[in-house]
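Okay, structure first, notes after.
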Amino acid sequence: MGSRTTTGSTFPPTRLTVLERIRSEEPDERRRAFGPLVEGYWKPIYAYLRIRWRLPPEEARDATQSFLAAAWEKRWLERYDPGRARFRTFLRTCVDRHAMNLGQAAKRLKRGGGAAIVGLDFETAEGEIRERPIQDPVDQDELFRREWIRDLFSRSLEEVRLEHVTTGQAGRFALFERYDLGPEEGLSYADLAAELGITVSQVTGRLAAVRRAFRARALDNLREACGTHDEYRVEAREIFGIEVA
Amino acid sequence: MTALSDASVRRLAEVANLPDLSETRYTLLEEIGRGGMAAVYRARDETLGREVAIKVSSAPGEREDLDARMRTEAAVLAALEHPGIVPVHDAGILPDGRAFYVMKRVRGTLLREVARGAAGLDERLRILERVCETMAFAHARGIVHRDLKPENVMVGGFGEVLVIDWGVARVPGAVDEPGAVLGTPGYMAPEQAAGRSGDATERADVYALGAILSTLVTATEPPADPGVARAALLAERELPRRLRAIGAKALAADPIDRYADAGEMAADLARFRAGNPVAAHPESWLERTGRSVWAYRAAVGLVLAYLVMRIVVAWVTG
Ligand SMILES: Nc1ncnc2c1ncn2[C@@H]1O[C@H](COP(=O)(O)OP(=O)(O)O)[C@@H](O)[C@H]1O
Ligand SMILES: [Mg+2]
């Protein structure tokens, strides 16, 4: 994953959302719309099943696979009604229902029914969950939201990193990682400027450029994951505190 | 790729939206405030070696009305030179397309904090009178703020009172989008809430000043409905009747029944604070006497003491 290319924030605001495209009768169009949804949600779903449902890794993996396969075959996501909840919340309730009926779903999968989705790296996902302390149980909607944003940001950051590395700007990205994400307390622009032999203004300029790239990526990915354009606006406001068109 | 920690996620959400000041003479320090449409940052003016506040619209060049708002605001601030209005130093467009302006950094608290805090009635009314005086100055120039509320007034460390956030101000000659509702429930005059922001005159600001008065003296949020807001204030029996009358006049549902502008309200507040009769409340003979006795309580006390002494002396020597 992480190799998907988006065209930046050049989409006109009237562009159909993924959820609108997934309703297409054209199988190819529908498949194309389903891809970003899988990419944007499989990891939060897996983490949610591990943490909230306390499924062991194997079972959580199967449950994620069977959920996505069933959602595709039975057109679950097409039933989403924007008037009732956010898409993320709707999806989470579908996952809950699926987990409850898990016994049967698992059997169907064993019979070889349903298409497993290839290319989902569950080993890494599991490693990531182990790496961090599982915190106090929070509200389930909040838990799913937290995992979802974590994944959204992680993917966007990885895209930005690749963008910089492949265009010979790894140093700029490293500066950003160190100043904005690093553990060093009290690191000043002047310290960094002296260390790198550039001016303070260059330091702040480079930081600003990477931050901007990250924001653009994250907004693009966010848009892909929202049910409607209005939902996208609300999420952008809540996550970044900004107004988008 | 590793998954980010909660702290990193929070930090990323924060920094993703920081303005790019790299092509300017300012160095970004930290965010100090945020409203509905903009964020305000503490920054350092490297040329003059001092700290300033920079307000940046919170969308990256995507919403033209936001940028127009910033331009209006900078222009209004520039036009209004007054001790109650924060001075603007600079304005422009950032490399990322967002509009910004630079102003004096106020070291102090929001009126909202004062309302929640321990300040006495007298201090609260002093601040309110300052706000009214500042607004009188703006009204005299045909400028209506349209979003007065405790979040948009700052009280500095030396007791100075500053009206901020002039982004939706009505400027003489400018036209508004019809139907746009600008303002905040509870502080917004009914004619403004009804979507007739174009009708929002000086008297709409007076309504907001009445709502601020009510917040300051009752420590509760003003109800959105003018009738309810007015009744709630009038029911506060432990407050002086003339003060309640001032608030009630400002909170009148019909603009015609309010003070014509902030200057009239400032004058009435000054009268109240000096212990004089107020325009909002015609007094009976008894009230007037009571108020005079209260205003001259020290002198009255002396006279009474003298009389008592005379009586006692007369009785002893009698
Ligand atoms: N000059 C200033 N100095 C210090 N803090 C300020 C200054 N101007 C604004 N702020 C802070 O920023 C917040 C938002 O500013 P404001 O102009 O009200 O923005 P908005 O239009 O988004 O409401 C204020 O409530 C206040 O806390
Ligand atoms: Mg404000």
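Some observations on this one:
- Candidate set: the range B:1-22, residues that are assigned to a loop (DSSP other than H, G, I, E, B), under 30 Å from B:HIS89 (Cβ atoms) and within 7 Å of another protein chain (Cβ to nearest Cβ); chosen: the one most open to solvent (accessible area, probe 1.4 Å): B:LEU18
- Within the range B:23-38, considering residues that are crowded, with 21+ Cβ neighbours inside 10 Å and not hydroxyl-bearing (Ser, Thr, Tyr), the one nearest to ligand 1 (Cβ to nearest atom): B:ALA38
- Members of the range B:34-55 that are of a type outside the set (D, E, K, R) and either more than 23 Å from A:TYR179 (Cβ to Cβ) or more than 12 Å from ligand 2 (Cβ to nearest atom) (or both): B:GLY35, B:GLY36, B:MET37, B:ALA38, B:TYR41, B:ALA43, B:THR47, B:LEU48, B:GLY49, B:VAL52, B:ALA53, B:ILE54
- When the range B:38-62 is filtered for residues that are more than 7 Å from chain A (Cβ to nearest Cβ), in a loop (DSSP other than H, G, I, E, B) and on the phi < 0 side of the Ramachandran plot, the ones remaining, listed by number, are B:GLU46, B:THR47, B:LEU48, B:PRO60.
- Qualifying residues in the range A:191-202 (those that are assigned to a helix (DSSP H, G or I) and at pLDDT 90 or above) - the one nearest to the other protein chains (Cβ to nearest Cβ): A:ALA193
- Members of the range B:53-72 found to be more than 8 Å from ligand 1 (Cβ to nearest atom) and hydrophobic (A, V, I, L, M, F, W, C), listed by number: B:ILE54, B:VAL56, B:ALA59, B:LEU66, B:ALA68, B:MET70
- Residues (in contact (Cβ under 8 Å) with a residue 24 or more places away in the chain and either among the hydrophobic types (A, V, I, L, M, F, W, C) or open to solvent by 30 Å² or more (accessible area, probe 1.4 Å) (or both)) located in the range A:197-222: A:VAL203, A:ARG206, A:LEU207, A:ALA209, A:VAL210, A:ALA213, A:PHE214, A:ALA216, A:ARG217, A:ALA218, A:LEU219, A:LEU222
The values are calculated or read from the model by the stated rules, or taken from the named source; none is laboratory data. Since this is a predicted model, take the numbers as computed values, not measurements. Glycine also receives a Cβ, built like all others from the backbone with ideal geometry; neighbour counts cover every protein chain displayed. Surface accessibility is based on the protein's heavy atoms, side chains included, excluding ligands, DNA and RNA. Shrake-Rupley method; radii C 1.70, N 1.55, O 1.52, S 1.80 Å.
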